[in-house]
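Worksheet for the structure shown next.
The values are calculated or read from the model by the stated rules, or taken from the named source; none is laboratory data. Here the structure is a predicted model, which is why all the values come from computation and not from measurement. Methodologically, a virtual Cβ is constructed for each residue, glycine included, from the backbone with ideal geometry; neighbour enumeration extends over all protein chains shown. Side chains included, ligands, DNA and RNA excluded: accessible areas come from the protein's heavy atoms. Shrake-Rupley method; radii C 1.70, N 1.55, O 1.52, S 1.80 Å.
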Amino acid sequence: MAAPLRALLRSAAVTAAALPRARLPPPLRAPRGARGCSAGAAFQYLLVQKTGAQKNVGLIQLNRPQALNALCEGLMTELGQALKTMESDPEVGAIVLTGSQKAFAAGADIKEMQNKTFQECYSGGFLAGWNKVSVVRKPIIAAVNGFALGGGCELAMMCDIIYAGEKAQFGQPEILLGTIPGAGGTQRLTRAVGKSLAMEMVLTGDRISAQEAKEAGLVSKVYPVEKLLDAAIACAEKIASNSKLVTAMAKESVNAAFETTLTEGNRTEKRLFYATFATNDRKEGMTAFVEKRKANFTDS
């Protein structure tokens, strides 16, 4: 179904005239009552809105269809801005990041980096700004349809949960371009799927399917293409209904398991567990349980 990998990667950097316009997923048309993330916000490469029954889910769609959502510098700058706005918005409790049905993101923009030198990369901290995605304190769910290759796979892995459409494909094909992953691909992929599969993917450039990604632990759940976004938003709504403050603590604790030793992770967990006892939401949650009623969380 897909073009050869080398041709696909090349397509991420060609001009708009050379590619047909990718069809955007119907669920991403602004639902009735949806609100923009901030008054007057305008993006060239993103579609941003609040969604969900309570308008407590931030929805970001990568919108560069002519290049299969290739991650150019402008797109990543806008993504950082959108995430910063959502993180400071007290109404938003979780964020969904998605692309089109054809591609979540086919990779970094090869044309943009083709002529860079070592000196430029090293002195300018090339790609360092991408890590802003991974330090957002509110949970981010990646809803991945189509291609998530190279930088696209790395971007999905920076998120906290990955839901995939049944036709999604994941890969780190940088080796075919004479380079290696540079935005966490060798690190996060290895932690997610283990050394053997990560090494195979990085050294061969081969892709894995959504089902293979789920079996390997990279993806949480797989859905039909047309149901993926609704499922991701539903998960985000469930997360957003909990205490925002305690949710941030839980995210920090799980990330400690992913990034540190068992001893250090347990130390972090205990520290954060004790800290919940200083919050109004911990008291409200336990009181509501004893009184057999729904908790009304207010901490943000």
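Protein heavy-atom surface of segment 206-279, 1.4 angstrom probe: 56% of the accessible area is carbon and sulfur, with nucleic acids and ligands not counted.
Peptides 56-68, 177-189, 256-268, 227-239 ranked from most to least packed, by the mean per-residue count of other Cβ atoms within 10 Å: 56-68, 227-239, 177-189, 256-268.
Taking the charge dipole of segment 162-300 about its Cα centre, with +1 at Lys and Arg Cβ atoms and -1 at Asp and Glu Cβ atoms, the residue from GLY184, ALA248, VAL225 reaching farthest to the positive side is ALA248. The value given for segment 158-232 is a Kirkwood hydrodynamic radius of 12.8 Å, derived from the mean inverse Cα-Cα separation.
Estimated from helices alone, the mean residue ellipticity of the chain at 222 nm is -12000 deg cm²/dmol (sum of -39500 (n - 2.57) over DSSP H runs with n ≥ 4, per residue). When the alpha carbon coordinates of segment 107-192 are projected onto the principal axes, the ranges are 38, 30, 22 Å, largest first. Please list log₁₀ I(q)/I(0) at q = 0.19, 0.25, 0.30 Å⁻¹ for segment 225-275, using the Debye equation with identical point scatterers on the alpha-carbon positions. Each listed q corresponds, in turn, to -0.70, -0.86, -1.02.
When only Cα pairs below 8 angstrom with a gap of at least 6 residues are kept, the chain shows a relative contact order of 15 percent. FRET efficiency for the pair ARG137 and THR260, taken as 1/(1 + (r/R0)^6) with r the Cβ-Cβ distance and R0 = 25 Å, rounds to 0.90.
Relative to the longest principal axis of the Cα atoms of the chain, helix 195-204 runs at roughly 30 degrees.
Gain on full extension, evaluated as 0.36 nm per residue between ARG267 and GLN211 minus their Cα-Cα distance, stands at 16.7 nm. Can you give the accessible area of LYS132 in Å² (nearest 10), computed on protein heavy atoms with a 1.4 Å probe? LYS132 exposes around 130 Å² with every protein chain in place.
What the Cα atoms of the chain give is an Rg and a Dmax of 19.6, 65 Å. If you take all other residues with their beta carbon under 15 Å from the beta carbon of THR260, and give Lys and Arg +1 and Asp and Glu -1, the sum is +2.
Computed over protein heavy atoms with a 1.4 Å probe, the accessible surface of segment 165-300 works out to 59 Å² per residue. For segment 51-129, the solvent-accessible area works out to 42 Å² per residue, with a probe of 1.4 Å and every protein chain left in place. Hey, which lysines would be in cross-link range of LYS294, C-alpha to C-alpha under 30 Å, not counting anything within fewer than 8 residues on its own chain? Filter leaves LYS50, LYS55, LYS138, LYS221, LYS227, LYS238, LYS244, LYS251, LYS270, LYS283. With the convex hull drawn over the C-alpha atoms of segment 176-294, the volume per residue is 156 Å³.
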